[in-house]
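Here the structure is laid out as structure tokens; the discussion comes afterwards.
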Amino acid sequence: MKVLILGAGYGTRLEKDLKNDATGKYHHLIGVPKPLLPIGQYPLATHWLKDLADIKHIGGVYVVTNALNHSAFEAWASEWENVQLLCDGTTSNETRIGAVGCINLVVKHFNIQEDLLVIAGDTLFFHDVTLVDLIQAFQTFQHKDDKASMVVYVNCKDEEVHKYGILEVDESSRVTGFLEKPQSGETTSRKECPCFYFLSSHSLSLLSEFLEERKDQPLKARDATGNFIAFLSERKPVYATQISGRYDVGGLQSYIICNEHFQHEKR
């Protein structure tokens, strides 16, 4: 299994929050890409690498960056022998190729033919959620069907449904639908699906197909990774497993909450 951490985003909402912060306490974080934000004792992405270090199934870790922040990632990655970087060549949010485009870029560039774990570079899980347990869950689904992919979900509140991608699943935990930021009345599901995907090797060829079908659509249709999960679930088996919770470092307030939690507890 390979691992890909998505780090090519521009964090525009967080940047705006940081520049508008009247206290000035967090101005030193302006310009820092989200995966390199200090969370507790380490940069955000380092928490994942430390968790991955002891897992034998992992055959390599890739991080996709943009050209604007590539040098910062190079400095960070110099401490990790198993990390390979790939720059998407973009320099602004307006010219970005989108998250699904970045996944496909890495798959093509490194000729990945194994299962691939994709992790958003602004996400961390609660401490009781372990990669070992999630890998075991993925393997259990693959024993049933070797083409199976797996996503995770967190139960959200009614008033939060419109903020997230929402999964619909059947009694066997197979994904039957995915709605991108629906209104609460559009679905009875409250299963929020973060960008953390175990993609089967059999699913990787569908990345190019997905992008080709949407090449003339607005970037939003290609950028949101949940749209690919919806596309994939109609063509290959995708299963879902529940986790207790996660931190999504989208803006300053969510950064503060995540950072304070990890300052008090070791991951």
Report task. Find how many whole Å separate the alpha carbon centroid of segment 39-60 from the alpha carbon centroid of segment 107-133. Result -> 10 Å
Report summary line: Across 10 Å bins beginning at 0, the whole-percent shares of Cα-Cα pair distances in segment 1-75 come to 17, 44, 29, 9, 1
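Over all pairs of distinct alpha carbons, what does the Kirkwood formula give as the hydrodynamic radius of the chain, in Å? The partial results should precede the final answer.
Values: mean 1/r = 0.0528 Å⁻¹.
By the Kirkwood definition, the hydrodynamic radius is 18.9 Å.
With an 8 Å cut-off on Cα pairs and a minimum separation of 6 or more residues, tell me the relative contact order of segment 33-108 in percent.
On the way: 66 pairs, mean separation 19.0, N = 76.
Contact order relative to length: 25 percent.
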Requested in this report: Please work out whether segment 95-249 counts as rounded, prolate or oblate from its C-alpha gyration tensor, where a ≥ b ≥ c are the square roots of the eigenvalues and a/c under 1.5 means rounded, while otherwise a/b larger than b/c means prolate and anything else oblate?
Outcome: rounded
Query - Vicinal HN-Hα couplings computed from phi for segment 168-178 (Karplus, 6.51 cos²θ - 1.76 cosθ + 1.60; Hz; Gly/Pro x) - result: 10, 10, 9, 5, 8, 6, 7, 6, 10, x, 9
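Which of the residue pairs Lys108/Lys191; Lys50/Lys220; Lys2/Lys236 have a Cα-Cα distance greater than 29 Å in the structure shown? Mind showing how you got there, number by number?
On the way: Lys108/Lys191 31 Å; Lys50/Lys220 32 Å; Lys2/Lys236 20 Å.
Too far apart for the 29 Å limit: Lys108/Lys191; Lys50/Lys220.
How do Cys258, Cys195 rank by accessible surface area computed with a 1.4 Å probe, from largest to smallest?
Numbers: Cys258 0, Cys195 25 Å².
In descending accessible area the options line up as Cys195, Cys258.
Express the carbon and sulfur contribution to the solvent-accessible surface of the chain as a percent, rounded to the nearest whole number, probe 1.4 angstrom.
On the way: 5740 of 12650 Å².
It is 45 percent, rounded to a whole number.
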Report summary line: By the Cα gyration tensor axes a ≥ b ≥ c (a/c under 1.5 gives rounded; else a/b larger than b/c gives prolate, otherwise oblate), the shape of segment 9-125 is oblate
Query raised in the report: Check Glu168: other-chain or 5+ apart residues with amide H under 5 Å from its amide H, H built from backbone geometry?
Result: Thr176, Gly177, Phe178, Leu179
Requested in this report: Once you've got the GNM for the chain with C-alpha springs shorter than 10 Å, pick whichever of Leu29, Leu199, Leu116 has the biggest mean-square fluctuation.
Outcome: Leu29
**Report entry** Environment charge at Val151 (Cβ cut-off 13 Å; Lys +1, Arg +1, Asp -1, Glu -1)
**Finding:** +2
Requested in this report: Express as a percent, rounded to the nearest 5, the fraction of DSSP beta bridges in segment 1-95 (both residues included) that run antiparallel.
Outcome: 15 percent
Query raised in the report: What distance in nm separates the simple spin-label points at Leu85 and Asp170, each placed 7 Å from Cα in the Cβ direction?
Result: 4.5 nm
Query raised in the report: What is the extension gain from Gln253 to Lys215, computed as 0.36 nm multiplied by their sequence separation minus the C-alpha to C-alpha distance, in nm to one decimal?
Result: 10.2 nm
Query raised in the report: Ignoring ligands, DNA and RNA, how do Lys34, Lys25 rank by accessible area with a 1.4 Å probe, largest first?
Result: Lys25, Lys34
Requested in this report: Show which aspartates and glutamates lie in cross-link reach of Lys163 when reach means a straight Cα distance below 20 angstrom and same-chain residues fewer than eight apart are skipped.
Outcome: Glu15, Asp17, Asp122, Glu180, Glu186, Glu192, Asp223, Asp248
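Please figure out what share of the DSSP beta bridges in the chain is antiparallel and state it in percent, rounded to the nearest 5. If you can, show how the numbers build up before the last one.
Values: 21 of 41 bridges.
Antiparallel: roughly 50 percent of the beta bridges in the chain.
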Requested in this report: Return an integer: the convex hull volume of the alpha-carbon atoms of segment 167-238, in Å³ per residue.
Outcome: 96 Å³
**Report entry** Contour minus Cα-Cα distance for Ala67 and His28 (0.36 nm per residue)
**Finding:** 12.0 nm
Report task. Give me the accessible area of Tyr153, 1.4 Å probe, in Å² rounded to the nearest 10. Result -> 30 Å²
Report task. Using amide H atoms built 1.01 Å from N in the peptide plane, name the residues 5+ places from Gln84, or on other chains, whose amide H lies under 5 Å from its own. Result -> Val61, Tyr62, Val63
Report task. Calculate one ³J(HN,Hα) per residue across segment 45-62 by plugging θ = phi - 60° into the Karplus curve 6.51 cos²θ - 1.76 cosθ + 1.60, and present them in order as whole Hz with x for glycine and proline. Result -> 5, 5, 4, 5, 5, 5, 5, 6, 4, 9, 9, 5, 5, 8, x, x, 10, 10
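The values are calculated or read from the model by the stated rules, or taken from the named source; none is laboratory data. What you see is a predicted model; the values in this text were computed from it and never measured. Backbone-built Cβ (ideal geometry, glycine too); neighbour counts: all protein chains shown. Calculation scope for accessible area: heavy atoms of the full protein, side chains included, ligands and nucleic acids excluded. Shrake-Rupley method; radii C 1.70, N 1.55, O 1.52, S 1.80 Å.
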